[in-house]
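S.K.: This structure is in structure tokens; I'll ask about it shortly.
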Amino acid sequence: MKWCHNIVLRYYDLVNGRTFLEPLPSLEVRKFAAPLRQQVLDGLRQAVIDGRLAPGARLIERELIEMMGVSRTVVREALRQLESEGLVAIVPNKGPVVRALSPAEAKDLYGIRVVLEGHAARLFVQNAGEAQVKQLAQALDIVAGAYQRGDAQEILDTKNRFYEVLFAGAGSETLSTMLNTLHARIWRWRALGLSHPQRSAQSSKQSVKNLRALLAAIRKREADAAETLTRLEAQRATAEVMRLIESPLV
């Protein structure tokens, strides 16, 4: 909970016009079977997503090369990819920095999320087999357990897994890629929505209720209902995050 609360504080600073910088975390790349370029890209992306590289932090090539133990070319390729994903910005006379997502941009991205996740639910009904429906049900049970325990990081991790199963079952690689990129960009706002001191007491119960209704629609193979319910859950999350962004921390 403390870890996610730190994310809230960082974004509270950003919303109120202050830049929060942290020392660069350890990002050493271990030599595994996966291509080195992919390891570097995945490592940097995850460091941005989980807040180890804070919004506004400079990404100095020399430091990244030393810490990750890779070539300048590999680092530059990774930074270009992260720029294309909207996680990194190139600032004149400053170089690459971790992008800070503004409230206006967050609202825009959440609106896109509503449409894409709704379409994913429809495709899941049309394309997923019974084994994938079972996987989704199991993932939802784990989400519900995480909500009962009240750990914000566990809730975020288990919901990510739930949506991974949903997107995979939709059977569209293009849609899955788009949604994964979108989730990466709104990750911190989702963390804020789960750990903010003024989070609605009913929000957790409503989220689990909505997801159970979605699963029921999927089991009945009701594509229209599944899309509508998924959109409603995404809209609920959007409204909650926007409310919290405008709420001062206690």
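S.K.: Among the residues in region 195-216, are any in a helix (DSSP H, G or I), under 16 Å from the mean Cα position of the chain (by Cα) and exposed (fewer than 15 other Cβ atoms within 10 Å of the Cβ)?
M.R.: Filtering region 195-216 down to residues in a helix (DSSP H, G or I) leaves 195, 203-216.
Then keep just the ones that are under 16 Å from the mean Cα position of the chain (by Cα); that gives 195.
Still in the running and exposed (fewer than 15 other Cβ atoms within 10 Å of the Cβ): none.
No: region 195-216 contains no residue that is in a helix (DSSP H, G or I), under 16 Å from the mean Cα position of the chain (by Cα) and exposed (fewer than 15 other Cβ atoms within 10 Å of the Cβ).
S.K.: A follow-up question, please. Name every residue in region 159-171 that is out of contact with any helix residue (DSSP H, G or I) (no Cβ under 6 Å at 6 or more places or on another chain) and in contact (Cβ under 8 Å) with a residue 40 or more places away in the chain, in order of residue number.
M.R.: In the first step, residues of region 159-171 are kept if they are out of contact with any helix residue (DSSP H, G or I) (no Cβ under 6 Å at 6 or more places or on another chain); the result is 160, 163-164, 168.
Within region 159-171, 163 is the sole residue that qualifies.
S.K.: Then there is this: Testing residue 191 on (1) in contact with a Lys or Arg (Cβ under 8 Å, 6 or more places away or on another chain); (2) over 30 Å from residue 129 (Cβ atoms), one condition comes back false. Which one is that?
M.R.: (1)
S.K.: Being farther than 26 Å from residue 98 by Cα and at pLDDT 90 or above, is that true of even one residue in region 176-186? Full working, then the answer.
M.R.: Taking region 176-186 first, the residues farther than 26 Å from residue 98 by Cα are none.
Looking through region 176-186, none of the residues is farther than 26 Å from residue 98 by Cα and at pLDDT 90 or above.
S.K.: For region 116-133, which positions are acidic (Asp, Glu) and surrounded by 19 or more Cβ atoms within 10 Å (Cβ to Cβ)? I'd like the intermediate steps shown before the answer.
M.R.: In the first step, residues of region 116-133 are kept if they are acidic (Asp, Glu); the result is 117, 130.
Across region 116-133, the qualifying residue is only 117.
S.K.: What residue, among those in region 86-106 that are in a helix (DSSP H, G or I) and of a type in the set (A, V, I, L, M, F, W, C), is nearest to residue 47 (Cα to Cα)? Before you say what the answer is, go through the steps one by one.
M.R.: Keep residues of region 86-106 that are in a helix (DSSP H, G or I), which gives 103-106.
Applying the additional criterion that residues be of a type in the set (A, V, I, L, M, F, W, C) yields 104, 106.
On the way: 104: 24, 106: 19 Å.
That would be 106.
S.K.: Read through the list (1) out of contact with any Cys (no Cβ under 8 Å at 6 or more places or on another chain); (2) touching a residue at least 40 places away in the same chain (Cβ under 8 Å); (3) crowded, with 18+ Cβ neighbours inside 10 Å, then give the number of the only condition that residue 156 fails.
M.R.: For residue 156, the failing item is (1).
S.K.: Is it the case that some residue within region 52-62 is over 25 Å from residue 245 (Cβ atoms), acidic (Asp, Glu) and at pLDDT 90 or above?
M.R.: Looking through region 52-62, at least one residue is over 25 Å from residue 245 (Cβ atoms), acidic (Asp, Glu) and at pLDDT 90 or above.
The values are calculated or read from the model by the stated rules, or taken from the named source; none is laboratory data. It should be emphasised that the depicted structure is a prediction, and the values quoted were computed from it without experimental measurement. Please note: Cβ atoms are built from the backbone with ideal geometry, for glycine as well, and neighbour counts cover all protein chains shown.
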